[in-house]
Amino acid sequence: MSAVNDTKFSSAVFLLTGISGQEDSHLWVSLPFCLMYVISIVGNSVILFIIKTNPSLHEPMYIFLSMLAITDLGISIATMPTILGIYLFNSREISFDSCFAQLFFIHSLQCIESSVLLLMAFDRFIAIRDPLRYASILTLPGIAKMGLVCVLRGVAVMLPLTILLKHFQYCRDNVLSHSYCMHQEVMKMSCSDITVNNIYGLFTKLLTMGLDSLLIFLSYIMILKTVLSIASNSECLRALNTCISHFCAVLIFYIPDIFLSVIHRFENSSSPLLQILLGYISLMLPPLLNPIVYSVKSKHLRVRIIRVFVK
């Protein structure tokens, strides 16, 4: 019996999955993925370069934007090896340790990005509500501390979940339905009692991204209340225009993630293909669109990017 148990847990890999039913077209499917990764990495890198090399952009709004770009770069780098590995080289196997590391970085970075979006909402609220005290409230040392808290929160939330997953026993079919490792799916592959992970995972999701989205929503209510009290229509539109980029980033980040979380809770009644597509959208759309949205909407950023490429 002990020999059976030894072989039962001898499998040290998970098997990742691409788009079901499209195995023959994986090479063609890889082309849009490669293009999206190139645009994401180049776009976020250009934004970081422009902000770093232009002292006039060393303001709170652009520092928060650079934090968002770093987080988006991290998410792209964390998911790129396995996704492109499947579609380019049909490399499906991923070791347990690599899988746990990937899901740790993916979920930690998503939590950090949620925190950064909350800080950007706070930045817009202070800039509109109390512009005279804006520079004194959002100082560089204060912003650095806020960024550190965001990172520590993301790590502190995901580290216990990852450690618990690592100590579980996996005796079921280890075929994952995504091209990368996710906590919810890896957890269900275990034959151990996952009650603690299930409850703790739901609790941390509500406490981090759920709370962040609620605070962002409240901050926009306060922003609207402040803007509507401005007498001039032109000033009102000018103030709202500074929030459009951030509002688009919030929608791009939270809407796919909310739908994906709901589908994972009711996966028996949902399409597997829909789960896969929403998973790709939630991870790849924010790093792809955020630099584009901010480059288009921010005049100062757009002008400097054009100057670099014109030179």
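The values are calculated or read from the model by the stated rules, or taken from the named source; none is laboratory data. This is a predicted model, so every value here is computed, not measured. Cβ placement follows ideal geometry from the backbone for every residue including glycine, while neighbour counts extend to all protein chains displayed.
Tell me, yes or no, whether the range 81-94 has at least one residue that is touching a Pro at 6+ places or on another chain (Cβ under 9 Å) and among the charged types (D, E, K, R). For the range 81-94, residues touching a Pro at 6+ places or on another chain (Cβ under 9 Å) and among the charged types (D, E, K, R): absent.
S76 meets the conditions (1) touching a residue at least 60 places away in the same chain (Cβ under 8 Å); (2) over 25 Å from H183 (Cβ atoms) in every case but one. The failed one is (2).
Going by the conditions given, is D123 of a type in the set (D, E, K, R) and at pLDDT 90 or above? Here the answer is yes, as D123 does meet what is asked.
The rows are residues; the columns are (1) closer than 24 Å to I126 by Cβ; (2) surrounded by fewer than 17 Cβ atoms within 10 Å (Cβ to Cβ); (3) touching a residue at least 24 places away in the same chain (Cβ under 8 Å); (4) touching a Cys at 6+ places or on another chain (Cβ under 6 Å).
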{"residue": "L214", "(1), (2), (3), (4)": "yes, yes, no, no"}
{"residue": "V250", "(1), (2), (3), (4)": "yes, no, yes, no"}
{"residue": "P256", "(1), (2), (3), (4)": "no, no, yes, no"}
{"residue": "F259", "(1), (2), (3), (4)": "no, yes, no, no"}
{"residue": "G279", "(1), (2), (3), (4)": "no, no, yes, no"}
{"residue": "L288", "(1), (2), (3), (4)": "no, no, yes, no"}
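Test of understanding: among C191, C236, which residue is more than 21 Å from R153 (Cα to Cα), assigned to a helix (DSSP H, G or I) and at pLDDT below 85? None of the other options fit; the residue is C236.
Answer with yes or no whether L214 is closer than 21 Å to I106 by Cβ, within 18 Å of the chain's Cα centre (by Cα) and not β-branched (V, I, T). So L214 does not fit the description; no. Looking at the range 79-99 only, could you name the residues that are of a type outside the set (D, E, K, R) and outside any helix (DSSP H, G or I)? Listed by number, the residues that qualify are N90, S91, I94, S95.
All told, V151 falls short of being more than 19 Å from D72 (Cα to Cα), modelled with pLDDT of 85 or more and surrounded by 13 or more Cβ atoms within 10 Å (Cβ to Cβ).
Entry remark, the range 158-185: residues being among the hydrophobic types (A, V, I, L, M, F, W, C), within 21 Å of I258 (Cβ to Cβ) and part of a helix (DSSP H, G or I) number 2 in total.
Just so you know, in the range 163-177 the residues that are surrounded by fewer than 20 Cβ atoms within 10 Å (Cβ to Cβ) and in contact (Cβ under 8 Å) with a residue 40 or more places away in the chain include one that is farthest from the chain's Cα centre (by Cα), and it is C171.
The residues on offer are S177, S232, S219, and the sole one that is of a type in the set (S, T, Y) and either closer than 28 Å to I70 by Cβ or touching a Cys at 6+ places or on another chain (Cβ under 8 Å) (or both) is S219. Applying the condition of being without any contact (Cβ under 8 Å) to a residue 60 or more places away in the chain and among the aliphatic types (A, V, I, L, M) to the range 79-100 and asking which residue is farthest from Q184 (Cα to Cα) yields L84.
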